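Structure first, then comments.
The values are calculated or read from the model by the stated rules, or taken from the named source; none is laboratory data. All values derive from a computational prediction rather than experimental measurement. Every residue, glycine as well, gets a Cβ built from its backbone with ideal geometry; the counts of neighbours run over all protein chains shown.
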Amino acid sequence: MNVKAPVPSASADPVPRQQRGRPDYTYVDQHPEVRKLRGYTRPKGIGFQIRKIGHVVLHCRDLERSVRFYTEVLGFQISDVYPQEMTPGGMVFLRCNSDHHGIGLVGARDTEAPARDLNHLAFEVGTLDEVLLAAKRLRECGATIDFEGRRRAGVQIAVEFRDPDGHRLEIYWGIDQVGSDGTVRAASQWKGALSFREAVENPVPGQDTALHNPALLDELEPRA
């Protein structure tokens, strides 16, 4: 089906004509919408820095079919699996590098999921302090926070929250690294924590949860 591009109004900025069949994008940097959006930048003194996009978790209708695709077609390897008793529909953690997981797959639920395809998007930071600083800033900005603590498989310490459109996002530190022999942490060592204090004061083996600034923990979660 052919769809015609909308004709700009007389008041709109004209788009330069194509020359010799090539699109001319020289106008883009001066476009008012582009200039407005480029005006947003990282504030000074924010206290944390996103290091990379960490992992994506996807809902799927048929868990086994999706696992077969990601492993046999795309070459991912399985790190851990949650049965139905742990996560409705079951969940599989897959990796493409030394991170415990880069993709998570969640099976079908009895009820319709709020987000049919995307569960959440995660971002890694370089220190545990930065996770707490991120949580502090999110609170100050009035963001909806769904979780603070440590997850089980992967054992990352994280803050999970929503963006203005309701997308589920995560900022984390300390995810397990998987060596070339493919050995992952035994499930018996998982220590899910429902608070930062519990995660910091009850670490899993090999996870150094010492904070550079211990006062951050007391600021976010004062002792009773």
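Points to keep in mind about this one:
- Taken together, the residues in region 130-173 that are in a strand (DSSP E or B), touching a helix residue (DSSP H, G or I) at 6+ places or on another chain (Cβ under 7 Å) and either farther than 20 Å from D99 by Cα or β-branched (V, I, T) (or both) amount to 6.
- On inspection, P88 fails the criterion of being over 19 Å from the mean Cα position of the chain (by Cα) and surrounded by fewer than 13 Cβ atoms within 10 Å (Cβ to Cβ).
- Here Y82 meets the list (1) under 23 Å from T183 (Cβ atoms); (2) surrounded by 13 or more Cβ atoms within 10 Å (Cβ to Cβ); (3) modelled with pLDDT under 90 almost entirely, failing just condition (3).
- Verdict on G182 being surrounded by fewer than 20 Cβ atoms within 10 Å (Cβ to Cβ), over 18 Å from I103 (Cα atoms) and in contact (Cβ under 8 Å) with a residue 40 or more places away in the chain: no
- Matching residues, region 130-147, being touching a Leu at 6+ places or on another chain (Cβ under 8 Å) and crowded, with 23+ Cβ neighbours inside 10 Å: L132, A135
- Here P6 passes the criteria (1) surrounded by fewer than 11 Cβ atoms within 10 Å (Cβ to Cβ); (2) modelled with pLDDT of 90 or more; (3) not β-branched (V, I, T) except the one numbered (2).
- Residues located in region 33-85, provided they are in contact (Cβ under 8 Å) with a residue 40 or more places away in the chain and of a type in the set (A, V, I, L, M, F, W, C): I46, F48, I50, I53, V56, V57, L58, C60, L63
- In region 199-222, the residues that are over 12 Å from V155 (Cα atoms) reach residues that are aromatic (F, W, Y) and modelled with pLDDT of 95 or more with C-beta atoms within less than 7 angstrom, at least six apart or across chains, in these pairs: L217/F196; L220/F196; E221/F196.
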